[in-house]
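Encoded as structure tokens, the structure appears first; notes follow it.
Values in this text are rule-based calculations from the coordinates and carry no lab data. Computed from a predicted structure; not experimentally measured. Counting neighbours? That spans all protein chains shown, and the Cβs are built from the backbone with ideal geometry, glycine included.
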Amino acid sequence: MAQEFVNCKIQPGKVVVFIKPTYPYCRRTQEILSQPPIKQGLLDCVDITATNHTNEIQDYLQQLMGARMEPQVFISKDCLSGRSDLVTVQQSGELLMWLKQIGALQ
């Protein structure tokens with residue numbers, strides 16, 4: 001179930017973030033991703049606590065990424081890992097370039 005759930009969310013051309021909304025790093029990640037003008041429907045913040053399969057989803061994300069943490073940020077089908085990687089690419093300007101490449105900017 002977790003594998004299907006995660007894999008159906010991660011799609012080319014979309015930004016997907018798996019979050020726990022009460023975690024400060026998750027909230028900060030959402031703030032960072034709300035700054036660029038991402039086209040409507042191409043940013044999906046997935047609250048994994050809203051399912052009955054939180055642990056299984058975390059286990060599968062750990063298999064994919066080698067880390068059991070939130071947030072997990074995917075741009076298209078590429079993973080940035082977490083908030084610190086997102087901050088790094090934001091500060092370097094790579095985030096905007098990446099979002100342009102996948103056609104996610106307005």
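Rundown of residues vs (1) free of Cβ contacts under 8 Å to residues at least 60 places away in the same chain; (2) on the phi < 0 side of the Ramachandran plot, yes/no style:
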position: PHE5; (1), (2): yes, yes
position: GLY13; (1), (2): no, no
position: PRO21; (1), (2): yes, yes
position: PRO37; (1), (2): no, yes
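Given the criterion small (Gly, Ala, Ser), in contact (Cβ under 8 Å) with a residue 60 or more places away in the chain and surrounded by fewer than 13 Cβ atoms within 10 Å (Cβ to Cβ), identify the matching residue among GLY103, GLY41.
GLY103
Criterion applied to LEU64, LEU33 was being closer than 16 Å to TRP98 by Cβ, in contact with a helix residue (DSSP H, G or I) (Cβ under 8 Å, 6 or more places away or on another chain) and either surrounded by 13 or more Cβ atoms within 10 Å (Cβ to Cβ) or not basic (Lys, Arg) (or both), and the one residue passing it is LEU33. Taking the criterion of being touching a residue at least 24 places away in the same chain (Cβ under 8 Å) and of a type outside the set (A, V, I, L, M), the residues of segment 44-53 that qualify are ASP44, CYS45, ASP47, THR49, THR51, HIS53.
One residue stands out in segment 67-100 among those that are surrounded by fewer than 16 Cβ atoms within 10 Å (Cβ to Cβ) and basic (Lys, Arg): the one that is farthest from GLN11 (Cα to Cα), namely ARG68.
Inside segment 59-83, can you point out the residues that are touching a residue at least 12 places away in the same chain (Cβ under 8 Å) and over 15 Å from VAL16 (Cβ atoms)? Result: ASP59, ALA67, MET69. Scanning segment 1-26 for residues that are surrounded by 15 or more Cβ atoms within 10 Å (Cβ to Cβ) and farther than 19 Å from SER76 by Cβ gives ALA2, LYS20, TYR23, TYR25, CYS26.
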